[in-house]
Each structure stands twice: as structure tokens, then as C-alpha cells.
Amino acid sequence: MLRILVCIKQVPNTTEISVDRETGLLNRERAAAVLNPFDETALEIALRIKARTGGDGAEVIALTMGPEAARAVLLDAAGLGVDRCVHLCDAAFRGSDTYATAKILAAAAKKLGPDLIICGRQAIDGDTAQVGPSMAEQLHWPEAAYVTALPQLHPAKTSMTLCRTLDGVEEELRVPLPAVITVQKSAAEPRLPSYQLRAAMTEKIERWDLKTLGLAKEDCGLAGSKTRVSRTFTPPPRPLCTMLPEGDILALRASLKITEGGKA
Amino acid sequence: MERKDIWVYAECRNGQIAPVTLELLGEARRLAEGTEHSVAAVLIGGPVAHELFEHGADIVYHADLAEDFRTLSHTRVICDAVKTYQPLALLFGATALGRSLAPRVASRLQTGLSADCTDLKLLPGGTLVQTRPAFGGNLYASILTQGENVQIATVRPHVMRPLEKREGRWSEEVIALDVKLKDEDLAVEILARKPAASASRLDEADVVVTAGFGVQRYGLLDEARELARLLGGAFAATRKVVDAGKAAPEEQVGQTGVTVAPKLYVALGVSGAVQHIVGMQGAKKIVAVNLDPNAPIFRVADVGLRGDLRDILPELIRMIKEERADGAL
């Protein structure tokens, strides 16, 4: 049986994130938490590969690391139709950078034994796009990032063909399994969730901690991280917008000239 | 060996050095100013490009590898070189290629990596302070690499300035790298490779003209594309326009699309949803035209015009064309 692991993340809903103009601080707490939009696509790709898999079929497992509340995104994944949900939850995981996060996820992957791991291109809070490739390296697997369409699994299920675009260059790759891929938002339109499927998973989410993964505390969190944030700050607010008089297209034209160089 | 060099990974595309590589060489030069650190480019494949020296490299570490880019083979070459020559820092462009290669390299070397930096500082003693936006630019974080290993960062294209071509004499040292690939480095097979359908690279454009729903609604997409062409820039669209099938996914600016930081960003009929703003607020100058005076886009724009694009856009295009015609006389 083909086993597909999808790594998903709970992120703050950025539509609700705002910067307080008075204090310059981020109103992060007010933002609701949602499933990272790229991960919806990753789940969709996994479910479509499963639907196309003949023989003894496929199993799709959703995996997340995060605090108690992060189980909500596993329920979202369940609503889309994944077979199994695993929640990595331990105080020791807090503060992990991308290296430590990838190490923890890779440890879970080793236990689950997937043939394929799918991640979203990046999470919209950190925007690093690093965890997928880092996990592949720590597993000693090949990876393909920025995949733009549904991969074609070869009949023997030992490799797949996929398309991706890197900086204006389209590539068609044959990637041996097991492998890690990260997907673009445009790779597939996610399906609508089913409330019944979601409800059915509520009691079945598996919860793993440090001990389950067999990791040491020093491998995780701040201790296991290779980077440290030395300070954070909010950027100075942009100066107020200069509104042109209505109908003054000449002024608009002039405002476009600055960078146009010799062309204007 | 003492860690001394600041390395820049020389990204190549269709045999050309990527613009971001020259930007990074310029930045590496500035970081090295007044220190004993040399600036080096790591070039894999191709002939040694003279422009790497012209734009600030003291040394080019060159691997003679006659094949197209593959993450695993480049990872092997870079990691072997780092182990041999022990650089202080290694910079990649935060392009799709750089952002997929750098995490592999950093993880193999068991060192840290910061993504998409917009500011770098070198402290006495050699600590590289890597500053990057988070939460779509609402917050900035300065990041330090832990431990004694090489400090690695990817740096956003279009943020650092390349040097003017150097005049005069300088050393052009080329150091040949040992290439010892293993079978596993060639595991991923390239079946085909060609330029993508939408050729213009948004993240490298100096001018970006973006069509929002306000453009689509009035059927002015062709005009928006024409304006982009006239300004020598790239056409882009908001998610709504892309979802409607009126623009390609590669043309989408915003959180789930491309992040851009051009010199000039022209937002036409773009209301300015947060998911859009985070993809373009790094632009140096933002000019917005919108019917709604309360549109959030005006909160980030430098110059705004309230009005109907059906009147404004054709007139603007006519005006520019007329200037060009006059200029040609």
C-alpha cells in the first residue's frame, strides 16, 4: 500500500492581522488560526494521488506539530478525507526553528514510513519554504520543491513524474520514491470539506510527544535550533499617501516617471 | 583553516548569471569593506564568467560540472567546498532555486539558515546579523546563526544593490573545486526543461503593473498589459483576477503568489486585501488608482488617484504614446 504523509501547519489568519498604527505593534492575538492555504493544496494532491492508485490503494496521513489548538487543522484535514491524523505536541517542541522542526517531522516520518511526503510551498506566517527541503535532507531523500501539477505515479510505485517551475524555467522531473515534494497553490483546487468526515475523526487523532518520537530534548525547540532571533521590530510606517486631484491624469503620468529612466 | 571568505552562490539560468547573484556580490563587498574577509563566488558549471569579478568577487570557486542544475549535485559540490575552505558566510538569492537549494545545504552542514533576508550586517568578530520580514512584512526579525558553523542566508532579489562594474586591476583568482558526485546525487532525472509560458519574471522586474478586480470588471486587462509594456515593466494580477482565469498563476502577486519589491508598483483597481499587500509592500514606490477612496491600498501607496479606470487608463496610455511619438521626432 502506498503511504502518503502530508505535513500541515496552523497559521494565524493574516486577513485579521493588523498593525496598530499608534503603538506599531502586531495585533496577532486577535487573529483566528487557520490551516495554511498551501497545505490545503498539499492535502488535495495527496487525496487525488490516492484516488488514482490501483492495487492495494493508498493511505493519506496528515501530520502537524503545534500546541493543543493545532489539532483544529487536523480536523480540517479529516474533513477533506485523510485516513489518519497525527498531532506532534510537546512543550519541548516550542521555539523550534526550521531545522529543529524538520528534525522533529522527519522523526515522525521515520515512524510512519511513508513513500511520499507532501508539504505546501511555504507557511504564510514564517514564509521560509525551508522545512520541506530540510526534512528531505534529514531523511536522506530526494525532493522537488515548487511542484505545479498533480504528479504522475509510475505503475511500480517506485518513482513519479512531476512538473515544477523554478524562476521562469519549467522542469519535468522523474523523482524516485521515497521523496518529499512541496506544492504551489495552483497545483490543484481543494475540495469542499465534509462535516461527517471531520466529526468522525474527533476522537481518533493520535497524539505523539518527545518520548514517542525517541528524540532528546536537546534536539528540539530552542536547544535544537540552529538560529536564534536576536530581536524583532516593526518597520516604520510608510508615509501617508499623496492623493492627486481627481481627474489629474497628467500628475499620475508624472508619478510613474521616476524609475522609468531614459524611456520617458 | 581560518574562516574568512564571504561566499555567494552564483545562480545561473540558461547560461546567464542571475541578477541576484551580482546584487549579492555587491552586498558581500560592502560587508567585507574594512575587514580581512575576501568575497568569493561559487560557480558550478559553465565557463568562469568575468562579470563575477567585475561585480566584486576576489575569488571564484569553480566546479566543472557539465550538467543542468540539480539540487542534490549542487548540494554535494557546495557542501564539499564549504568543508574544505571553511567560509565565514554563504549567501544565496531567495529565488525559487535558492530557496530550495539553501535548506538542503544548511541541513547537510547542520547549520542555521534564515530565509528572504532584506538586510545584512557583519559584526566585528564575524557574526552575520540576518534581518528578514515576517508576517508579510508586518514584523522584522534579526536572526543569528547558532554555533560555529558557516552562516547561511537567502537574500531577497532586488533589495541589495550590485556594484558598478569595477575599473582597474584586481586579482582574478580561480580555485577549481573537486567534484565527487555519488550515484544518489543523480537520482532525480531531468526529463525536460524549457522556459515557462509566462516569460516575464515578476520578482526581477523594476516596474510591476498590477490589475485588480477593478480592471477585470471593466474589461481593461489588455490596457493594463499595455501600460506594463509601455513602462518597460511586468504585468501582474491579484488573486481574484487569477482565480477568474484572466491571468496566469505565475502572474499573481501576494501571499499565495509571488512577492515583489520593484522600484515602481502600479496598482490598478486593486482594493488592497492584506494577502495582496504582503506581496508588494516592499516596493520602493507604490502608485494606486482606485474608484473607492477608502480602499486599503491607499494606506500603503505613496501616490494615489481616485477615479474611474475607464477614463484614466486609456488616457494615460494615450499620453505616454504621444510623448514617445514626440520624443521620436
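The values are calculated or read from the model by the stated rules, or taken from the named source; none is laboratory data. Computed from a prediction, not measured in an experiment: that's the story for all the values here. As a convention, Cβ positions derive from the backbone with ideal geometry for all residues, glycine included, and neighbour counts pool all protein chains shown. Remember, those area values only see protein heavy atoms, side chains included, never the ligands or the DNA or RNA. Shrake-Rupley method; radii C 1.70, N 1.55, O 1.52, S 1.80 Å.
Surface listing: B:W7, A:W208 arranged by accessible area from highest to lowest gives A:W208, B:W7, probe 1.4 Å.
Counting only DSSP beta bridges whose two residues both lie in region A:2-219, roughly 35 percent are antiparallel. Only protein heavy atoms count here, probed at 1.4 Å, and on that basis chains B and A bury about 7300 Å² of accessible area in total.
Rounded, prolate or oblate, given the Cα gyration tensor of region B:202-325, with a/c below 1.5 counting as rounded? Write down the numbers at each step before the final one.
Values: a/c = 1.31, a/b = 1.24, b/c = 1.06.
It comes out rounded by the Cα gyration axes.
Does the protein assembly as shown come out rounded, prolate or oblate, given a ≥ b ≥ c as the square roots of the eigenvalues of its C-alpha gyration tensor, rounded meaning a/c under 1.5 and, failing that, prolate meaning a/b above b/c? Note, shape of the protein assembly as shown comes out oblate.
Each Lys and Arg contributes +1 and each Asp and Glu -1, all at the Cβ; summed about the Cα centre of the protein assembly as shown, the dipole is approximately 920 debye.
For B:Y140, the solvent-accessible surface computed with a 1.4 Å probe is close to 50 Å², ligands and nucleic acids excluded.
Short-range pairs are left out: with C-alpha atoms under 8 Å and at least six residues apart, the relative contact order of region A:72-189 is 26 percent. Rg and Dmax over the alpha-carbon atoms of region A:2-219 stand at 17.1, 61 Å.
Only beta bridges with both residues in region B:52-173 are counted; by DSSP, about 50 percent of them are antiparallel. Over the residues of chain B, the helix contribution to mean residue ellipticity at 222 nm works out to -8500 deg cm²/dmol, using -39500 (n - 2.57) for each DSSP H run of at least 4.
Need one number: % antiparallel among DSSP beta bridges in the protein assembly as shown, to the nearest 5.
35
Of B:D326, A:D209, the order by accessible heavy-atom surface (1.4 Å probe, DNA, RNA and ligands excluded), from most exposed downward, is B:D326, A:D209. Restricting region B:163-229 to GluC sites (Glu not before Pro) that sit in a DSSP loop and have at most 13 other Cβ atoms within 10 Å of their own Cβ leaves B:E164, B:E167.
Hey, which of these cross-link pairs are over 19 Å Cα-Cα: A:K50/A:K111; B:K83/B:K182; B:K83/B:K180? Check vs 19 Å cut-off fails for A:K50/A:K111.
Using a 1.4 angstrom probe on the protein heavy atoms only, could you order A:R228, B:R104 from most to least accessible area?
Listed by decreasing accessible area, they come as A:R228, B:R104.
The relative contact order of chain B, computed from alpha carbon pairs under 8 Å that lie at least 6 residues apart in sequence, is 14 percent. Placing +1 on the Cβ of each Lys and Arg and -1 on the Cβ of each Asp and Glu in region A:117-254, which of A:A251, A:V180, A:T148 has its Cα farthest towards the positive end of the resulting dipole? Positive-most Cα among the choices belongs to A:V180.
Counting only protein heavy atoms and using a 1.4 Å probe, the accessible area of A:T227 comes to about 20 Å². What is chain A's relative contact order, in percent, from Cα pairs under 8 angstrom and six or more apart in sequence? Reported relative contact order: 23 percent.
With a 10 Å cut-off around each Cβ of B:127-136, the average count of Cβ atoms from other chains is 4. Measuring between alpha carbons in the structure, the pairs from A:K103/A:K217; A:K9/B:K263; A:K226/B:K121 lying more than 24 angstrom apart are A:K9/B:K263. Candidates B:L120, B:S107, B:A283 compared by Cα position along the dipole of the protein assembly as shown: farthest toward the positive end lies B:S107, with charges placed on Cβ. Only the Cβ atoms of Lys and Arg (+1) and of Asp and Glu (-1) were treated as charged; on that basis the dipole of chain A about its Cα centre amounts to roughly 280 debye.
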